[in-house]
Amino acid sequence: DVASMTSDAPAYATIGPCPDIPPKLVGPLRVEFDYHRSLDKVREEVAEPLQNGGRFKPTECVAQKVAVIIPFRNRHEHLKHWLYYLHPILLRQQVDYGIYVINQFGEGVFNRAKLMNAGYFEALKEYDYDCFVFSDVDLVPTDDRNLYRCFSNPRHLAVAMDKFGYRLPYNTYFGGVSSFSREQFLRINGFPNTYWGWGGEDDDIYKRVTFRGMSVSRPDLVIGRYKMVRHKRDLHNEPNPKNPDKLHMTHWTMDKDGINSLKYTVKEIVKEKMFTFITVDIQAPA
Ligand code: UDH
Ligand code: NGS
């Protein structure tokens, strides 16, 4: 009868949430970038469990749905390192994830924060993500206990980078890698679209978080270690002297400059096995 069917283990048994601490983590990792990796080789080594577009979903438990957004242009060497190290880590971390590489179209001035806004939007068109991890393409965590998921406050993950001597360069530093739930992201109206060129957009995001009464969550300096792929300054991403001044205005500008004012067009979407590559025209000045 119906009553005994519901009290016994039913044939359509549901699975429970994934544990807070994923059971397969190993801790500190060896990470090196001196080796040249071909995309084919990386795919052979890490892509087997993935769905096309760099998607994975654990079958043993219900996980957070996490979109990883990477602002990008002309950094294919870095992307190979990133994919080689991050896919195995994300698999062990038991997340229901997808990798979105947001490629800025054209040769205009780069805009990291606007690309990340576009990534948020594009990822949501594809799946009902509840968490967004924003990561530079050249940053690889060296401890898999640094969880790529969302917490009760926006999280700064890249707290101990090798280039800063494995500590924060300053207390309010928010660069490199961060995570926001959908709700947290909307609460700050997303990221600013108006920081063209290098510098300041991460400080603006930090201010948005505190102005909306949230605090920043962080891993400790042991778990939060990162290695950065060394590189020269890119073309068309010079430090913009206007950016530092804009930070005085964040309080007044954040409600009109963000996800609610975002304008861009999609030029192309390519599904690779290990990532989804989305080229966007963000109307960059020459
Ligand atoms: N990015 C690109 N392409 C570009 C510029 C930036 O993909 O042309 C992305 C990429 O994800 C990168 C992120 O934006 O990791 C941040 O940009 P960045 O690497 O320029 O910033 P960072 O502070 O370096 O790491 C600034 C120049 C450092 C020169 C140091 C010389 N020793
Ligand atoms: C600050 C920048 C941040 C940047 C940080 C670290 O001065 O965007 O340096 O830079 N803020 C402004 O320019 C207002 S780094 O040492 O990585 O080159 O993230």
* Any residue at all in segment 51-59 that is in contact with a helix residue (DSSP H, G or I) (Cβ under 8 Å, 6 or more places away or on another chain), farther than 26 Å from residue 257 by Cβ and surrounded by 22 or more Cβ atoms within 10 Å (Cβ to Cβ)? -> yes
* Selection count, segment 114-132, where residues are outside any helix (DSSP H, G or I) and farther than 10 Å from residue 100 by Cβ -> 4
* Residue that is touching a Pro at 6+ places or on another chain (Cβ under 9 Å), over 23 Å from residue 183 (Cβ atoms), surrounded by fewer than 24 Cβ atoms within 10 Å (Cβ to Cβ) and modelled with pLDDT of 95 or more, where the choices are 101, 109 -> 109
* Asked: Mind checking which pairs have a first residue in segment 49-61 that is part of a loop (DSSP other than H, G, I, E, B) and hydrophobic (A, V, I, L, M, F, W, C) and a second that is surrounded by fewer than 12 Cβ atoms within 10 Å (Cβ to Cβ) and modelled with pLDDT of 95 or more, Cβ under 8 Å, 6 or more apart or different chains?
  -> 61/16; 61/17; 61/19
* **Looking only at segment 250-270, and only at residues there that are among the aliphatic types (A, V, I, L, M) and surrounded by 13 or more Cβ atoms within 10 Å (Cβ to Cβ), the one that is farthest from ligand 2 (Cβ to nearest atom)** => 269
* Asked: Restricted to segment 148-173, and to residues that are free of Cβ contacts under 8 Å to residues at least 40 places away in the same chain and more than 11 Å from ligand 2 (Cβ to nearest atom), which residue is nearest to residue 133 (Cα to Cα)?
  -> 171
* **So residue 37, is it under 28 Å from residue 119 (Cα atoms) and either under 21 Å from the mean Cα position of the chain (by Cα) or in contact (Cβ under 8 Å) with a residue 60 or more places away in the chain (or both)** => no
* Structure fact -> Of the candidates 190, 176, 224, 199, the one satisfying the condition of being among the small types (Gly, Ala, Ser), away from ligand 1 (no atom under 15 Å from the Cβ) and under 16 Å from residue 113 (Cβ atoms) is 190
* Of the numbered conditions (1) touching a residue at least 60 places away in the same chain (Cβ under 8 Å); (2) under 25 Å from residue 222 (Cα atoms); (3) surrounded by 16 or more Cβ atoms within 10 Å (Cβ to Cβ), residue 92 satisfies every one except a single condition; which is it? -> (3)
* Out of all the residues in segment 196-243, which are polar (S, T, N, Q) and either surrounded by 20 or more Cβ atoms within 10 Å (Cβ to Cβ) or more than 10 Å from ligand 2 (Cβ to nearest atom) (or both)? -> 210, 215, 217, 237
* To do: Test residue 183 against the criterion of being surrounded by fewer than 17 Cβ atoms within 10 Å (Cβ to Cβ), free of Cβ contacts under 8 Å to residues at least 24 places away in the same chain and within 30 Å of residue 144 (Cα to Cα), and give yes or no.
  => yes
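The values are calculated or read from the model by the stated rules, or taken from the named source; none is laboratory data. Owing to the predicted nature of the structure, the values given are computational and were not obtained by experimental measurement. Don't worry about glycine lacking a Cβ; one is built from the backbone with ideal geometry, like all the others, and counts go over all protein chains shown.
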